[in-house]
Amino acid sequence: MSADIKIIKDPEVAKLLADDTRRRILHMLRHKEMSPADLAKALNKNYSSIQHHLNQLIGAGLVTQTREEKVRNMIQPYYHATAHRFIISYSLSESLQKDDEYAQYQDAVLRNMIPGLGIFNVDVPDAKKARTLSLIRKCVDAERRAFEEVVERQSDPGTLEKQVQRPLLQLMTHITLAKDREHAAAIQELTQLLDI
């Protein structure tokens, strides 16, 4: 059984998640156990490529072998993620920004949030995009920092059902953020800027 949340504090492990194939493998293995052959088929990749990525994820402690099964006279291993959710520690942000691949991945995620606002019927004019991106970055960083702080404050998370733990984590994160004046100011400016 995997843990619910794992905070990644090793920069080398965090860099592994800048690769799309590894992120997709990890995403699939968070939901069910799969063999390398299953992953290769689902991701339309060759077996050796999948095995290479799996070995990196296993070495980083993000994936573990759960069982073996005999298939046509061959032993087929099955794997599962070691947590349901992986969070890259906020404290790694500065050091990881020096890694081009990781920095480009993070920047692309934040930039894609601006057109993504369209699904909420929010259109950001070109003249406001740079400031909007800056405020989004502040808010996301503050939320990541607060969530990580809350997760690390838990004394025995295994005693709660997921249906209780998840809303409690959200509530405690909101309470932590309510004390953060910079976050509140960024949210207020973003609300006015986007006219929501």
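The values are calculated or read from the model by the stated rules, or taken from the named source; none is laboratory data. Remember, it's a predicted structure, so these values are computed and weren't measured experimentally. In this analysis, Cβ positions are derived from the backbone assuming ideal geometry, glycine residues included, and neighbour counts consider all displayed protein chains. Quick note on the areas: whole protein, heavy atoms, side chains included, nothing else; ligands and nucleic acids left out. Shrake-Rupley method; radii C 1.70, N 1.55, O 1.52, S 1.80 Å.
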Inset, instruction - With the checklist (1) within 16 Å of I87 (Cβ to Cβ); (2) open to solvent by 40 Å² or more (accessible area, probe 1.4 Å); (3) touching a residue at least 40 places away in the same chain (Cβ under 8 Å) in hand, flag the one item E149 doesn't pass. - result: (3)
Legend entry - Condition check for Y47: among the hydroxyl-bearing types (S, T, Y) and either closer than 30 Å to V164 by Cβ or touching a Lys or Arg at 6+ places or on another chain (Cβ under 9 Å) (or both): no
Legend entry - Pairs, first outside any helix (DSSP H, G or I) in segment 103-127, second open to solvent by less than 40 Å² (accessible area, probe 1.4 Å), C-beta under 6 Å, six or more apart: V122/L194; V124/I114; V124/T132
Inset, instruction - Would you check if there is a residue in segment 141-149 being part of a helix (DSSP H, G or I) and over 23 Å from K9 (Cβ atoms)? - result: no
Inset, instruction - Considering every residue within segment 69-78, establish whether at least one is among the aromatic types (F, W, Y), touching a strand residue (DSSP E or B) at 6+ places or on another chain (Cβ under 7 Å) and more than 24 Å from V151 (Cβ to Cβ). - result: yes
Inset, instruction - Answer yes or no as to whether Q170 is open to solvent by 70 Å² or more (accessible area, probe 1.4 Å) and within 24 Å of H31 (Cβ to Cβ). - result: yes
